[in-house]
Amino acid sequence: MNTGAAYALTTDLGEKADYDVLHYDARLTANLAAKAIDGRVTVTAKKLSGGERPLVLSAKYKTAIKVSSDNVKLSYQILEDDLVINFHSPLTRGQSFSVDIEYHAAPKRGMRFYPDHMFTVYHTGNWLVSHGNIADKASFDLTLVHDQKLKTIANGRLVSQKSAPTGKMHSHWQQQTPIPLYTFGFALGDFQLHSTAYNNQAINFFYRPRPLSGLNRQKIKDIFADVPDMMRFFEEKSAIALPNKQYSYVLVPGTIAQEAAGFSMVGEKFAHTVLEQPGENWFIAHELAHEWWGNSITCAGFSHFWLNEGLVQFMVAAYQQQLFGEPAYHREIKLALNRVKKAAEKGRNSPLAFFTEIAEQDINHSIVYNKGALVFYLLREKLGEKHFWQALKTYSLTFAGKSVVTDDLKRVFEQVSGTDLSAFFQRWVYGEEIPELSF
Ligand SMILES: [Zn+2]
């Protein structure tokens, strides 16, 4: 057992990419009635390879794109959903540069608009002109231009708010630690705010006024009463303090549960359910757990998506076990097993991870989430409490802020436990067998 051991990343996705996108600096004005945004973004990147391949960014759902640069000569074209930028003189390996892009976007996915609020959902490339490599993390400055009465939530920290001569408010958010692109996000709206604290770190709850949401401060307190306890649990199991020093939940209509870095969007319907059934608090724990596994330790490609979602599903079950006892843990694991069986009955079984890259649309969600959780359960049974949790700590500490592939996890668990897990991974991770449970 060596918690500080240095493991080399096996992923070479970063090496294969031609560009390393370092930073986005965006200013976005949302038009709720038009369900659209006007944007300007400066993308700062570094050339990684010596080739002359263009920089390709997402142009999906965007119009009126104008690209310029202060430090490189370029030309550009829109090819279907891609903005393809060519540089007039070849960039040298290691050269940093920035491009400025103005655009209008009316995304059909990735953003949801309502009369009194709006928020982003996962598909960052649909609202921000940006790259698509999940393993390439970037920092983010976001200035939201909005009506004075609206509140904003975005990644990182609110560093300034200024009222412009136009009467609009400019709220500048800053995310300094690089994060995966799909965790970029923001929400703005006519929200009420309730705040509490855990270890001097703010926990914020943004919710719509009672006539719209049926929620009030007391209900918010009751629904989210366990959040500090969840934070303590995930901090203890990862040996890593809450990565962003604060966390926010944004309550929005319906049944959504979507993490972003530093906050998550959760559905009001789920929230109301917790008031009746406290055991239904899975979404609160799930999105919070992503701060460690997913947002900080991120799968390097979609072949390894279970390292985000399977692990988080398992951690929710482990948290339920601590909060409600053994039967709650077994209930969650059984639920996961039943979902895997159902998927298999419908002819939708598949391995959990792959040796070759798969596309995002080919992710088998019921397997990744549920068989993923089951595999961590099996691993815990096989290695025992001491080795399993020590390995999870080592894995978390080793790869915090990095991107991981399945083999990274395997090697850490093998090293910490002194157990060869090749057969285990071949059978349960790369195979399609469904386990039988004895409880
Ligand atoms: Zn998730």
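No value in this document is a laboratory result; all are computed from the given coordinates. The structure presented is a predicted model; accordingly, all values stated were derived computationally and were not measured. Ideal geometry is used to build each Cβ from the backbone, glycine not excepted, and the neighbour counts take in all protein chains shown.
Key figures for this structure:
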item: Members of Lys341/Lys402; Lys221/Lys245; Lys137/Lys245 lying beyond 22 Å, as alpha-carbon distances in this model show; result: Lys341/Lys402
item: Spatial separation of Cα centroids for region 393-417 and region 14-88, in angstrom; result: 33
item: Exposure proxy order (Cβ contacts within 10 Å, fewest to most) of Lys219, Lys371, Lys162; result: Lys162, Lys219, Lys371
item: Part-to-part distance (alpha-carbon centres) for region 89-109 and region 172-186, which is given in Å; result: 17
item: For peptides 41-51, 186-196, sequence by mean Cβ density within 10 Å, most packed first; result: 186-196, 41-51
item: Burial order of peptide ranges 60-72, 138-150 (average beta-carbon count within 10 Å, highest first); result: 138-150, 60-72
item: Mean separation of Cα contacts under 8 Å (6+ apart) over length of region 327-406, as relative contact order %; result: 33
item: Nearest-0.05 FRET efficiency for Val159 and Lys35, computed from C-beta distance (R0 25 Å); result: 0.35
item: Per-peptide average of other Cβ atoms within 10 Å, ordering 389-399, 110-120 highest first; result: 389-399, 110-120
